[in-house]
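Chemist: Have a look at the structure that comes next, please.
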Amino acid sequence: MASSEAGPKYLAVREALRRRASALPEHTLLPPEPALCAEYGVSRITLRRAVDGLVADGHLVREQGRGTYVSRPGIRHEYRESFVHRIAGFQQVMTEQGAQVGTTVLSQQIVPAAPAIATELELPVAEDVVELVRLRSVDGLPNHVVRSFLPAARYPKAATEDFGHGSLYEFLRREYAEDLAHARIVVDVGTAAAEEADRLQIVAGSPLLVVRTTVHDSSGHPLVHSFSRLRPDVSQVEFEVSVGGR
């Protein structure tokens, strides 16, 4: 009974409380636990698990003898995909904002291109591609997992390059003199699987922002396709749009 209740109900209450807190002034006291349990129709255990997650993320603060009140998370860095003036990778953008970016390479191998990846890169299905999977953190907090695919024949060095530091985009410019001219970006919503949730330090089933990016050169040829799965509580996606090339 307790385990089933702590699943979907826990996540639903957590999201409802997060939205509630974001709409309230900082330092606003929340109603006491019995009132919140009655309002959301959950047990005290489920409510506390939902609140625990929001306290850990900085949305709420518990104070002994006072209760739980609204706080504001630390600096919310922008994950910016700018394709009007330049193609700038995560490393460069976040560093320019003064953030400390960390990268852990989870996987780096040559694999046959799945149909969806082959389509994005305009390759035959099962053509060799370099698959690079990285965990990115900002100021020590896990931010997202990004999976990138590049044609192996065109970029053989990508299979052995150390991507624990630096930018994939800068690697393409430096090693292959590539012209990263424009990008096609699709934003969607997904949910965190168990292993992914563990890496991002969130609860399995939590919502994620999914950003799919295909970078092209000036002739329109695709160079790299990536999809990033981001924690929405600590990141946001910004787009720039210009008219007439201005």
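Chemist: Ordered by packing density, taken as the mean number of other Cβ atoms within 10 Å over each peptide's residues, highest first, how do 152-165, 15-28 rank? Let's see the in-between values first.
Modeler: Numbers: 152-165: 15.0, 15-28: 13.4.
Per-residue Cβ counts within 10 Å, averaged per peptide and sorted highest first, yield 152-165, 15-28.
Chemist: Normalise the Debye intensity by I(0) for the range 154-234, one equal point scatterer per Cα, no solvent, then take log10 at q = 0.18, 0.20, 0.23, 0.24 Å⁻¹ and round to two decimals.
Modeler: Each listed q maps to, in turn, -0.87, -0.96, -1.04, -1.07.
Chemist: Further, regarding this structure: Compute the length gained on full extension between ASP198 and ARG173: take 0.36 nm times their separation in residues and subtract their Cα-Cα distance, giving the result in nm to one decimal.
Modeler: On the way: separation 25, 0.36 × 25 = 9.00 nm, distance 3.35 nm.
Going from the current span to full extension adds 5.6 nm.
Chemist: Quick one: which residues, 5 or more positions from HIS182 or on another chain, have an amide H under 5 Å from its amide H? H modelled 1.01 Å from N in the peptide plane, none for Pro or chain starts.
Modeler: HIS216
Chemist: With every protein chain left in place and a probe of 1.4 Å, what is the accessible surface of ARG184, to the nearest 10 Å²?
Modeler: 130
Chemist: Which cross-chain or sequence-distant (5 or more) residues have an amide H under 5 Å from the amide H of ASN143, H modelled 1.01 Å from N in plane?
Modeler: For ASN143, whose amide H was placed from the backbone, the distant partners under 5 Å are ARG136, SER137, VAL138.
The values are calculated or read from the model by the stated rules, or taken from the named source; none is laboratory data. Computed from a predicted model, the values in this text were never measured in an experiment. Backbone-built Cβ (ideal geometry, glycine too); neighbour counts: all protein chains shown. Each accessible area value is taken on the protein alone, full model and side chains, heavy atoms only, with ligands, DNA and RNA left out. Shrake-Rupley method; radii C 1.70, N 1.55, O 1.52, S 1.80 Å.
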